[in-house]
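A quick write-up on the structure given underneath.
The values are calculated or read from the model by the stated rules, or taken from the named source; none is laboratory data. Since the model is a prediction, treat every value here as computed from it, not as a measurement. All Cβ positions, even for glycine, are placed from backbone atoms using ideal geometry, and neighbour counts span all protein chains on display. Note: accessible area is taken over every heavy atom of the protein model, side chains too, but ligands, DNA and RNA are not part of it. Shrake-Rupley method; radii C 1.70, N 1.55, O 1.52, S 1.80 Å.
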Amino acid sequence: AAFTATFAGVLSAGATITATAVDAFYNTTLLSAGLTYGPALVVTGFPSTTTAGAAGAFTLTIRNIDGSTLTSYTGTVHFRSSDPQAVLPADYTFTAADQGVHTFSATLKTAGLQFLFVADTVAPGVVGAAESMVNPAAAASVSVSGPFYTATNTSFSISVEALDAYGNIATGYTGTVHFSSSDPRAILPSSYTFTAADNGVHTFTGVKYRTKGEFQTITVTDPLFSFTDSF
């Protein structure tokens, strides 16, 4: 997973950020920034693995270059993420009562390796980062897709995906889907129970419309979960 970002003047425009790059950024650039600009923002407790939609608490500590906590810090921090669906903390201004440490919560929703960045809004060299592998949540719907145009009595394939609430493929889905069509003579797949090996996606072949018409539909349903979709 990769993304392009400009972050607080520290990441250059157009920079491609990967897990390796973030590790290098966190372990070397941040240390250098700390030596150059003073304190660094250290993120701890951010879950290394999480489920889409699950809130995760983490602690942000402002540290001096010698590793001690900068208890006098009263700057304002801003959060960003590689996850376009992330729910992030609002900008926060540390108070004297924080003593350089504050706990926040963030929710990631897009499956894959995602990153959290935090920076002082005034001093761009005061930054921190963390990463988390986001796994899809449980299935919340099914989606069926196939060709928009097809000829009568011509075989085609359709694909059924199980999706979580955030649009990720629900790889753990093992429900049973049933098929119906506006064409009463259509040749449809038999009911099918997803297996773990499907990883939430299955392709069905040999589907045919047999009744002429300008528009016909195929509907896939999992009645146990009230999942329905048509194309």
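The table below gives the values:
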{"read-out": "Pair list, Cβ < 8 Å and 6+ apart or interchain, from region 47-68 residues that are over 30 Å from Asn135 (Cα atoms) to residues that are open to solvent by 60 Å² or more (accessible area, probe 1.4 Å)", "value": "Ile65/Leu35"}
{"read-out": "Residue, modelled with the lowest pLDDT, within region 93-124, restricted to residues that are of a type in the set (Val, Ile, Thr) and open to solvent by less than 50 Å² (accessible area, probe 1.4 Å)", "value": "Val118"}
{"read-out": "Pick from region 160-178, criterion among the hydrophobic types (A, V, I, L, M, F, W, C) and open to solvent by 30 Å² or more (accessible area, probe 1.4 Å), ranking: nearest to Pro223 (Cα to Cα)", "value": "Leu163"}
{"read-out": "Checklist (1) part of a strand (DSSP E or B); (2) of a type in the set (A, V, I, L, M, F, W, C); (3) closer than 29 Å to Ile62 by Cβ applied to Ala162, failing item", "value": "(3)"}
{"read-out": "Output for region 39-77, where each listed residue is of a type outside the set (S, T, N, Q), open to solvent by 70 Å² or more (accessible area, probe 1.4 Å) and more than 23 Å from Pro136 (Cα to Cα)", "value": "Arg63, Ile65, Asp66"}
{"read-out": "Of residues in region 136-159 being polar (S, T, N, Q) and either part of a strand (DSSP E or B) or open to solvent by less than 40 Å² (accessible area, probe 1.4 Å) (or both), the one farthest from Thr211 (Cα to Cα)", "value": "Ser141"}
{"read-out": "Selection count where residues are in contact (Cβ under 8 Å) with a residue 24 or more places away in the chain and part of a loop (DSSP other than H, G, I, E, B), scope region 216-231", "value": "6"}
{"read-out": "Matching residues, region 186-231, being open to solvent by 80 Å² or more (accessible area, probe 1.4 Å), more than 32 Å from the chain's Cα centre (by Cα) and at pLDDT 95 or above", "value": "Ser190"}
